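Here is the structure we will look at.
The values are calculated or read from the model by the stated rules, or taken from the named source; none is laboratory data. Source: prediction; values computed, not measured. Don't worry about glycine lacking a Cβ; one is built from the backbone with ideal geometry, like all the others, and counts go over all protein chains shown. Side chains are part of the model used for accessible areas, which takes the heavy atoms of the whole protein and leaves out ligands, DNA and RNA. Shrake-Rupley method; radii C 1.70, N 1.55, O 1.52, S 1.80 Å.
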Amino acid sequence: MDTLFFGIVIFLIVLAVFDLVVGVSNDAVNFLNSAIGAKVARFRTIVLIAAIGVFAGAAMSNGMMDVARHGIMTPEYFSFYDVMCVFLAVMVTDVILLDVFNTLGMPTSTTVSMVFELLGGAFAIALIQIIGGATDADGVALTLGDLLNTEKALSVILGIFLSVGIAFAFGTLVQWIARIIFTFTYRPSPFAPSRKGREIVSFVKQTLFGGICFTSIIWFLLINGLKGSSLMTSDLKLWINENTWMVLGITFCAAFLVSALLYLLPRPSREGARGEGLPVLKFVVLLGTFALAMAFAGNDLVNFVGVPLTGLDAYNDYMANGQGDASAFMMKSLMDTAHTPVIYLILAGVVMVLSLVFSKKAQNVVKTSVDLARQDEGDEMFGSSGIARILVRTSQRIANAVSGIVPKNMSRWIDSRFNSYAAFLEKDAAFDHIRASVNLVLAGLLVAFGTSMKLPLSTTYVTFMVAMGTSLADRAWSRESAVFRITGVLSVIGGWFITAGVAFIMCYLITNVLFYGSFIAMGIAIIVAIFLLVRSNVIYKKRGGKRKQKEEKREMADDIFRSIIRSSDKKKCYEYLCEHMELTTDEELRSAIEHYETLTTAFFHEDYRTLKKMTTLLEDERKEIKRLRRKQVIALRRVDPMVSVEKGTWYFLVNSSLSQIVYCLKRMAEPCREHVGNNFHPVPEPYVRQFMSYRDEVIHVFRQALTSQNVEDVRNDAASIQAALSDYRKSIIQDLQTKQLNIESMTVFLSLVQESQELLSGLRHTIRGEVKFKEN
C-alpha cells in the first residue's frame, strides 16, 4: 500500500511539470503583452528580461501554495487517505479540463481551475465525513465550517470578481487622464522633432511620469514580488511598514533624477554624431515587465507545484508517523506553513523559463491579447454577440447623453487630445509607450494594493483587464470594431468563470469516485490522465502537417495585411491587396475542393462521423470568409479612392463567389449527414459511378484554376462540365418518373448534382473577378 501511495506522489510531481508548462503558455505571457505590443525592444530581449524575472521570482519564493495545505480545507480533520484522494483528483481534473477546453478552443485560467478543483475535492470529502458522523477530539460533530476554510474560499471568489471589475474601471480612468496630459504626440526624447518652446513642458511631464512609474514598480516589487522571499525578513517588513512614506519619498526623488538623466542623455548614432535620446518610458516598460514576471512566478505560477509538493510532504509525514494506517492518520502537519527546499524552486524556475522561451502557444496567447488592445483597425479575431451589441448600443446612448451636457469647447479640446491619427508609434507597434507604461504600472499597483488588503487579486485577471480598459480609454474600440472586441473580452472572461464551475463539479465527482473506488479507481484515473496527455500530443502531431501548412499560409496573408495597414503609399497598398487576394483566394479554393472530395466520398461510403465533422469545418470556413471580407474591406480603404470604387465591384464579386462555394458545400453536407445518420437507403451503384466521374472532372477543373495561367480555358471547361451535369440532372429526374427508385436517397443525390453545378458557377465568377480586380 505504501508503494502505491509513493507511485501516486511521483505521478503528481510529473503532472506538476506539465502544469508549469501549460501555466506559462496560458497565463504568464500576460506580462509580456505591454512590452511586445509597444515594441519597446526586440522580442528576444523582452522574453529574456521576463525569463530573468520568472526565474528570480521562482527561486526566491520561500513557500509553495499554502492554499493547497490549509487555505481551502482544514487538514487536521482530514486523513492521509483523504488528502491523497483530493490531490490526485485535482491533478487528474486539471488534465481532463485542459484537454476538453483546448479541444473546444475555449479560453481557460489554470490558476482558477486549481483553486476551484481544490475546493470541489475538499467539499466532497467534507460531505462524506459529515454524513459519516465525524467528530472532533471532544466528540462534537464536525460541520462544513470546521472542515473547510470557508472564509478563505469566499475571499478567493470575491477576488476574482473584484479583479475583473476594478482593473477594467481603473485602467479606463487612469489611461484617459494620462492621454489628456500627454496626447498621442508626446516626445520620447529632447532630440525628437518638436515645436519650439515645448521642450521644458515635455521634460517635466515625462520625468514626473517616469518618477511615478519607477516608484510604483519598485514599491510593487517590495510589496508583492519579494513578499515571500527569504530576503524579506519580518524585521525588514516591519521597518518598511513603519516608514512607508519616507521609503516612497526617497524612491521617488531617486526615480525622478534617473528619469531626468535618461531623458537628457543622448545616444550616439552609428556615424558618431549626436543621436536620439534614451526614451524614459522604454525603461519603465522593461522594468515593469521584469517586476510582473517576478511577482507572477513567485506568487501565481509556483502555485502549480503546491499540490504535488504538499502531497509529498503528506507522504513523508505518513511514512514517518503513520504506522501504516492511511485512513486514521490525520494531516495536522499540513497546518504549518510550507518550507520548500531551494532546489525545487530552482527546478520550477528552469521549467518555467524554458516554457516561456520555446512555447509557440505562449506567443499565440500574447497575440490574442495584443490584438484586442491594438490602437488601429485590423483583423478582428472574434465575431459579434448579442450581449456585445446591446452593450455597444447602450454605451453609445450614454455617450450621446453625456456629450449633450459637456460644453462644446471642452468637448472639442478633449477630442484634440485624442489625436490618434498622429500617434507616435514604433514600427509594427499595436499601441504607444504611454499605454504600455500605464498597463504595467497600474497592474502592479492594483496587485500590490490587493496583497496589502489581503484580497487575492489574480495577476492574470488584473493585467488583462487593465489592458482592455486602457485600450477603451484610448478610443481604440471604434464603432466598427467595438462589438468584436467586446465579444472577445466577454469570451475570455466567460472562459474564466466557466472554468471555475466546471473545475469544482468535476473534481467533486472524481474525488467521490476515488474515495469509494480506492486504489482500483486511482489506477484507472492515472491511466485516463496519461491516455489523454498522449492522445492530445498524437492528435496534434497528426494534424501538424496540414495545420502547419495552413498556418504558414495564414501567417503570410497576415504579414501582407499588416503591410497594407502600415503603408502610406496607396499604390503600394493596392499591390499588397492584390497579393493578399490571390493568396487567400487560392487557399479558399483549395480548401473547398478538399471538402468537396471528402464530403462526397463520405456520403457514398456512409461515413457519418466524417460528414458530421465536415458540417463543423464548413461552418468554420464560412466564418473565415466573413473575417476575410472584413479585413479586405479595411484594406480597400487604404487604396486610392478612385481605384477602390473601380475595383470594389470585382472584389465583392470574388468574396460573394467564395461565400457561394462554401454555402453550396454546406447545402450538400447537411442533407447528406441527416440521410446517413437516419440509415436511409444508399444511392444505387450505377448512379454513384456516373457521378464520381463528373466529380473527378469538377476536382480537376478546380485544381486547374489554381495552376493554369489561361483563365478563359478554365472558365470554358467549367461551363462544359456544368452543361454535362445539367443534362445528367435532367436524366435523373426522368428516371425518378419512370423507374422504381428510393425517393429519399435520390432527392439527396439530386441535390448533390445541382450543388456541384453551383460550385462550378462560383468558381467561374471567382476567377473572373480576381482577374478583373488585378487588371491595370
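Test Ala89 against the stated conditions and say whether it is farther than 24 Å from Tyr516 by Cβ, touching a helix residue (DSSP H, G or I) at 6+ places or on another chain (Cβ under 7 Å) and modelled with pLDDT of 80 or more. Full working, then the answer.
Details: farther than 24 Å from Tyr516 by Cβ: no; touching a helix residue (DSSP H, G or I) at 6+ places or on another chain (Cβ under 7 Å): yes; modelled with pLDDT of 80 or more: yes.
The answer is no for Ala89.
Can Gly63 be described as open to solvent by less than 10 Å² (accessible area, probe 1.4 Å) and at pLDDT below 80?
On the way: open to solvent by less than 10 Å² (accessible area, probe 1.4 Å): no; at pLDDT below 80: yes.
Considered against the rule, which asks whether it is open to solvent by less than 10 Å² (accessible area, probe 1.4 Å) and at pLDDT below 80, Gly63 comes out as no.
Return yes when Ile634 is assigned to a helix (DSSP H, G or I), modelled with pLDDT of 90 or more and either of a type in the set (Phe, Trp, Tyr) or within 33 Å of the chain's Cα centre (by Cα) (or both) and no when it is not.
Values: assigned to a helix (DSSP H, G or I): yes; modelled with pLDDT of 90 or more: no; either of a type in the set (Phe, Trp, Tyr) or within 33 Å of the chain's Cα centre (by Cα) (or both): yes.
The answer is no for Ile634.
Return the pairs, sorted by first residue and then second, in which the second residue is of a type in the set (S, T, N, Q) and surrounded by fewer than 21 Cβ atoms within 10 Å (Cβ to Cβ), the first residue lies in segment 585-606 and is in a helix (DSSP H, G or I), the beta carbons are less than 7 Å apart, and the residues are 6+ apart or on different chains.
That search, which allows pairs on different chains as well, returns Thr598/Thr610; Ala602/Thr610.
Starting from residues that are surrounded by fewer than 17 Cβ atoms within 10 Å (Cβ to Cβ), small (Gly, Ala, Ser) and under 25 Å from Val447 (Cα atoms), keep the ones in segment 138-182 and report whichever is nearest to the chain's Cα centre (by Cα).
That would be Gly165.
Restricting to segment 407-433, name every residue that is modelled with pLDDT of 70 or more, out of contact with any Leu (no Cβ under 7 Å at 6 or more places or on another chain) and part of a helix (DSSP H, G or I).
As a first pass, look at segment 407-433 and keep what is modelled with pLDDT of 70 or more: 407-419, 431-433.
Add one more test, that the residue is out of contact with any Leu (no Cβ under 7 Å at 6 or more places or on another chain), and what stays is 407-419, 431.
Scanning segment 407-433 gives Lys408, Asn409, Met410, Ser411, Arg412, Trp413, Ile414, Asp415, Ser416, Arg417.
Checking the condition at pLDDT below 85 and buried (at least 18 other Cβ atoms within 10 Å of the Cβ), which residue from Gly275, Gly311, Gly306, Gly324 passes?
Numbers: Gly275 fails: buried (at least 18 other Cβ atoms within 10 Å of the Cβ); Gly311 fails: at pLDDT below 85; Gly324 fails: buried (at least 18 other Cβ atoms within 10 Å of the Cβ).
Of Gly275, Gly311, Gly306, Gly324, the one residue that is at pLDDT below 85 and buried (at least 18 other Cβ atoms within 10 Å of the Cβ) is Gly306.
Which condition from (1) charged (D, E, K, R); (2) surrounded by 18 or more Cβ atoms within 10 Å (Cβ to Cβ); (3) closer than 13 Å to Glu588 by Cβ is the one that Lys647 breaks?
The one condition Lys647 does not meet is (3).
Please tell me if Asp640 is open to solvent by 20 Å² or more (accessible area, probe 1.4 Å) and closer than 21 Å to Val753 by Cα.
Values: open to solvent by 20 Å² or more (accessible area, probe 1.4 Å): yes; closer than 21 Å to Val753 by Cα: no.
Spelling it out, it is not the case that Asp640 is open to solvent by 20 Å² or more (accessible area, probe 1.4 Å) and closer than 21 Å to Val753 by Cα.
Read through the list (1) in a helix (DSSP H, G or I); (2) crowded, with 23+ Cβ neighbours inside 10 Å; (3) at pLDDT below 80; (4) among the hydrophobic types (A, V, I, L, M, F, W, C), then give the number of the only condition that Phe101 fails.
Condition (2) is where Phe101 drops out.
Determine if segment 705-713 includes at least one residue that is modelled with pLDDT of 90 or more, surrounded by fewer than 18 Cβ atoms within 10 Å (Cβ to Cβ) and part of a helix (DSSP H, G or I). Working first, answer last.
To start, the set of residues in segment 705-713 that are modelled with pLDDT of 90 or more comprises none.
The answer is no, given that none of the residues of segment 705-713 is modelled with pLDDT of 90 or more, surrounded by fewer than 18 Cβ atoms within 10 Å (Cβ to Cβ) and part of a helix (DSSP H, G or I).
Go through Met668, Met746 for me and flag whichever is under 43 Å from the mean Cα position of the chain (by Cα) and either open to solvent by less than 70 Å² (accessible area, probe 1.4 Å) or at pLDDT below 90 (or both).
Details: Met746 fails: under 43 Å from the mean Cα position of the chain (by Cα).
Step by step, each of Met668, Met746 is checked, and only Met668 is under 43 Å from the mean Cα position of the chain (by Cα) and either open to solvent by less than 70 Å² (accessible area, probe 1.4 Å) or at pLDDT below 90 (or both).
Quick one: Ile125 ticks every box in (1) surrounded by fewer than 17 Cβ atoms within 10 Å (Cβ to Cβ); (2) modelled with pLDDT of 75 or more bar one, so which box is it?
Of everything listed in (1) surrounded by fewer than 17 Cβ atoms within 10 Å (Cβ to Cβ); (2) modelled with pLDDT of 75 or more, Ile125 misses just condition (1).
Restricting to segment 573-631, count the residues that are more than 28 Å from Trp650 (Cα to Cα) and under 24 Å from the mean Cα position of the chain (by Cα).
1
Could you please tell me which pairs satisfy a Cβ distance under 6 Å, a separation of 6+ or placement on different chains, a first residue in segment 117-137 that is in contact (Cβ under 8 Å) with a residue 40 or more places away in the chain, and a second residue that is among the acidic types (Asp, Glu) and open to solvent by less than 30 Å² (accessible area, probe 1.4 Å)?
So the pair list comes out as Ile125/Asp82.
What number goes with the only condition from (1) of a type outside the set (Val, Ile, Thr); (2) open to solvent by less than 50 Å² (accessible area, probe 1.4 Å); (3) closer than 19 Å to Ile767 by Cβ that Asn716 does not pass?
Here Asn716 clears every test but (2).
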